[in-house]
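Heads up: the structure comes next, in structure tokens.
The values are calculated or read from the model by the stated rules, or taken from the named source; none is laboratory data. None of these values were measured; they are calculated from a predicted model. Every residue, glycine among them, receives a Cβ derived from its backbone with ideal geometry; neighbour counts consider all protein chains shown.
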Amino acid sequence: MKDRLREFLHFGKAERNAIGIVLVIIILAIILPSYLAGIRNPEVVDNYDFKAEVDAFLKKSEIIAAADQQEFDFYQPDKSSAVDRIKPFRFDPNTLDAKGWEQLGFSKKQAESIVRFREKGGTFRKKEDLMKLFVIDEVIYNKLEPFVIIDEKAVPAFTKSDTASTKSYRKKEFAVAELNSADSATLVNVRGIGPAFARRIIRYREKLGGYSDLNQLLDVYGIDSARFLQIERNLSVDQSSIKKININTASVDQLRAHPYLDYFVAKAIVDKRVQKGAYTHVSQIMEIPLVYEALYLKIKPYLTVDKTPQ
């Protein structure tokens, strides 16, 4: 009986190897599913504290953004950003050095120009004299004014040359020019307009056929919203002198020569005239798909259907 049992349980080398492989497979089959389940379903970590911090940060950011939007002037972004940079402290404009002007919030270039103004004899006798500086408009002045301290004893008395300079400055500050008739000499008398800007303004006026609105000056190279705010009070526009284009007789080339019209819009205006006949009113160009409302409002002052020479 024992011999039979021993024979039954005796395995050869190949059989032992097969049994070992089967055992390994069985063990893997038992362990592997549990291991894979742990990978697919990672342990859930409670991030409540972290989420609370994120929510608090976002809420604080929204409050700050809302406050900034209330103070920011979206219609005059350059002006708003310039005012935000000003960090006033008590100062005497007659003695503050370039570094101090930079600390107030002005750029290095602006600070150097203010110091040069003083070196050439410019003096601040009263707080309002800060408005003589191109870089300080009314809004910036209002922010600085409570912090300005002028030592009147240290300010030299008026001289004849000072009086002449002041008169010249006032004459330039209050000079008024009509954009469509002014020559270079008239324009440079307006505070904030130098020879270069005068040439650019006249050159763009010739391309347009005349200005229909003061805001068109913002299209002139170099005139940003800050400079525009300074010069607009001393400028006016007379639309009666605008040179108009007759859309019933103008060619494509004549129309496209205007800064507001490109080749495709000019051709569409002429094509409509050829297909439908003469225009009876300028507003009919709005039937052209390429002519959107904003473009029409810009170009309207420059177009006519009247045969009378402009």
- Query: What pairs can you find where one residue is in region 14-27 and part of a helix (DSSP H, G or I), the other is modelled with pLDDT under 80 and surrounded by 10 or more Cβ atoms within 10 Å (Cβ to Cβ), and their Cβ atoms are less than 9 Å apart, with a gap of 6+ or different chains?
  - Reply: Ala18/Phe11; Ile19/Phe11
- Item | Hits in region 192-215 (condition: loosely packed, with under 15 Cβ neighbours inside 10 Å and in contact with a Pro (Cβ under 7 Å, 6 or more places away or on another chain)) | Lys207
- If Pro289 satisfies every condition in (1) touching a Phe, Trp or Tyr at 6+ places or on another chain (Cβ under 8 Å); (2) in a loop (DSSP other than H, G, I, E, B); (3) surrounded by fewer than 15 Cβ atoms within 10 Å (Cβ to Cβ) but one, which is the exception? (1)
- Message: Please verify whether Leu290 is in contact with a strand residue (DSSP E or B) (Cβ under 7 Å, 6 or more places away or on another chain), over 30 Å from Thr186 (Cα atoms), not assigned by TED's automatic domain parsing to the domain that holds Ile193 and not β-branched (Val, Ile, Thr), treating the condition exactly as stated.
- Response: no
- Can you name the residue in region 274-300 that is touching a Ser or Thr at 6+ places or on another chain (Cβ under 9 Å) and either among the basic types (Lys, Arg) or modelled with pLDDT of 95 or more (or both) and is also nearest to Val220 (Cα to Cα) among such residues? Lys298
- Item | Top-ranked residue in region 216-231 [being of a type in the set (D, E, K, R) and over 25 Å from Thr304 (Cβ atoms); ranked as surrounded by the most Cβ atoms within 10 Å (Cβ to Cβ)] | Arg227
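Condition check ((1) under 30 Å from Gly192 (Cβ atoms); (2) of a type in the set (S, T, N, Q); (3) under 24 Å from the mean Cα position of the chain (by Cα)) across all residues:
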position: Gly210; (1), (2), (3): yes, no, no
position: Leu229; (1), (2), (3): yes, no, yes
position: Ile245; (1), (2), (3): no, no, no
position: Asn248; (1), (2), (3): no, yes, no
position: Glu287; (1), (2), (3): no, no, no
- Task: Return yes when Leu187 is more than 22 Å from Leu297 (Cα to Cα) and surrounded by 13 or more Cβ atoms within 10 Å (Cβ to Cβ) and no when it is not.
- Result: yes
- Query: In region 101-153, what residues are in a helix (DSSP H, G or I), of a type in the set (Ser, Thr, Tyr) and touching a helix residue (DSSP H, G or I) at 6+ places or on another chain (Cβ under 8 Å)?
  - Reply: Tyr141
- Note on the structure: Considering residues that are more than 25 Å from Glu178 (Cα to Cα) and either among the hydroxyl-bearing types (Ser, Thr, Tyr) or not in a helix (DSSP H, G or I) (or both), the number found within region 247-276 is 8
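Considering each of Ser113, Ser107 in turn, give the residue that is under 32 Å from the mean Cα position of the chain (by Cα), surrounded by 13 or more Cβ atoms within 10 Å (Cβ to Cβ), modelled with pLDDT under 85 and not β-branched (Val, Ile, Thr). Before the answer, list the steps.
On the way: Ser107 fails: modelled with pLDDT under 85.
It is Ser113.
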